[in-house]
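First the structure, in the form of structure tokens, and then the observations on it.
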Amino acid sequence: MSGAESDATDPIRLLNQVALGYILSASLNVALELRIADRLADGPRSSAELARDAGVTEDGLYRVLRALASAGIFEEQQERTFALNPTASLLKRGPASLHDVGLWMTDPFHFRVYAEMLHSVVTGQPAVEKVTGMPVFEYFARESQLSTVFNNAMTSWSGPTVAAALKAYDFSGIRVLVDVAGGHGHVLTSVLRQYPAMRGVLFELDHVIAGAAPLIAAAGVADRVETVTGDFFTAIPPGGDAYIMKNIIHDWDDDRAIAILKNIRTAFGDRRDGRVILLEAVIPPGNQPDFGKLIDLEMLLMPGGRERTADEFASLFARAGFELARIVPTESPLSVIEARVT
């Protein structure tokens, strides 16, 4: 057995890696806040140069970058000199960047909430409500800076996931696509750009819609997009041939997820050709590692929702007046889940 294989299966090393994972998360947040990846875009630089440009101490920054490099993020090429590697390159701002996603996932807000995980396990209630005194989306509405971090992350995460969905799934035949809780409209505008005969409706809360106009205009589809504000627990605008949601149903427990789906069913009226398209993780069976199994805990602690298996999606749809038609895996962690009106 090689040394690498031995390290990977060593029980003590594995326990340490999991137990100390928060240290690397906090280190990554520092690197993101200081935009270290952007500062290395033109080539290797010393920790002293990076610290001077970022306005921080060289010793502290060096120790953070050394820890990240030991985990495979950045590379220490010479003593105290760092360079990008393929993983660190994803942290540069720009197209295909995970900078904004990383900022959200490592935000200190998460540390506060995850410190109360046991509360969720004991009570079944979101830990965020113990920490903030209110549901997470109400808190976002009050905390504009945190809301911006979250919405930017969701927009950024939409890039690779919607590209993968467009590659795997055929949206042909949809004249009007309604993006329910579509954030700043990245999913909707991406689909419309690939299908020029399609029109779209972006349905969101008013404080989110307010930030959508620049993205819609930049995508060149403003003449084909209508924005509508509202609450999907109250009603969903009619007139769509299909309703799409990315990472929305997972935010909610079964009763509230069904309420959203039933409102879509109501929006279809007597139509029998309507479809619902979800971009969600589908939890596989067994012990295999899966992104969705970790995000499922995010759902438990934050909005109170859950990731679901294929059977759980089928049950959810059936209770809302739909039938699960197919699940299309993509190159991203999310699948395209299609349901049809029954």
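A few comments on the model shown:
- Within a straight-line Cα-Cα reach of under 26 Å, Lys167 can be paired with the following lysines, leaving aside sequence neighbours fewer than 8 residues apart in one chain: Lys92, Lys246, Lys293.
- Using every pair of distinct Cα positions in segment 138-276, the Kirkwood expression returns a hydrodynamic radius of 15.4 angstrom.
- The alpha carbon centroids of segment 302-336 and segment 269-286 are separated by 6 Å.
- Cα gyration tensor category, rounded, prolate or oblate, for the chain with a/c compared to 1.5: prolate
- Counted by neighbouring Cβ atoms within 10 Å, the residues Asp270, Asp107, Asp231, Asp254 run from fewest to most as Asp270, Asp231, Asp254, Asp107.
- When Ile23, Ile260 are arranged by Cβ crowding within 10 Å, least crowded first, meaning fewest neighbours, the order is Ile23, Ile260.
- For Ala141 and Arg63, the difference between the fully extended length at 0.36 nm per residue and the C-alpha to C-alpha distance is 24.4 nm.
- Relative counts (whole %) of C-alpha pair distances in segment 102-220, using bins that are 10 Å wide: 12, 36, 28, 18, 5, 0
- Sorting Val187, Val328, Val122 by the number of Cβ atoms found within 10 Å of their own Cβ, with the fewest placed first, yields Val122, Val328, Val187.
- Computed log₁₀ I(q)/I(0) - Debye formula, equal Cα scatterers, no solvent, segment 204-320, q 0.15, 0.22 Å⁻¹: -0.80, -1.30
- Protection-proxy order for peptides 59-69, 210-220, each taking the mean of Cβ atoms within 10 Å per residue, highest first: 59-69, 210-220
- Sites listed here are chymotrypsin sites (Phe, Trp or Tyr not before Pro) in segment 216-265 whose DSSP assignment is loop and whose Cβ has at most 14 other Cβ atoms within 10 Å: Phe233.
- Gyration tensor verdict on segment 3-92 (Cα atoms; rounded if a/c is under 1.5, prolate if a/b is larger than b/c, oblate otherwise): prolate
- Within the straight-line cut-off of under 21 Å between alpha carbons, none of the lysines are reachable from Lys130, sequence neighbours fewer than 8 places apart in one chain being disregarded.
- Dividing the helix sum by the residues of the chain, where each DSSP H run of 4 or more adds -39500 (n - 2.57), gives a mean residue ellipticity at 222 nm of -14500 deg cm²/dmol.
- Length-normalised contact order of segment 151-341 in % [C-alpha pairs under 8 Å, at least 6 apart]: 21 percent
- DSSP H segments from the chain that extend 30 Å or more along their own axis, Cα-based, with Kyte-Doolittle mean of 0.0 or above: 144-168
Values in this text are rule-based calculations from the coordinates and carry no lab data. This structure is a prediction, so every number in the text was calculated from the model and none was measured. Please note: Cβ atoms are built from the backbone with ideal geometry, for glycine as well, and neighbour counts cover all protein chains shown.
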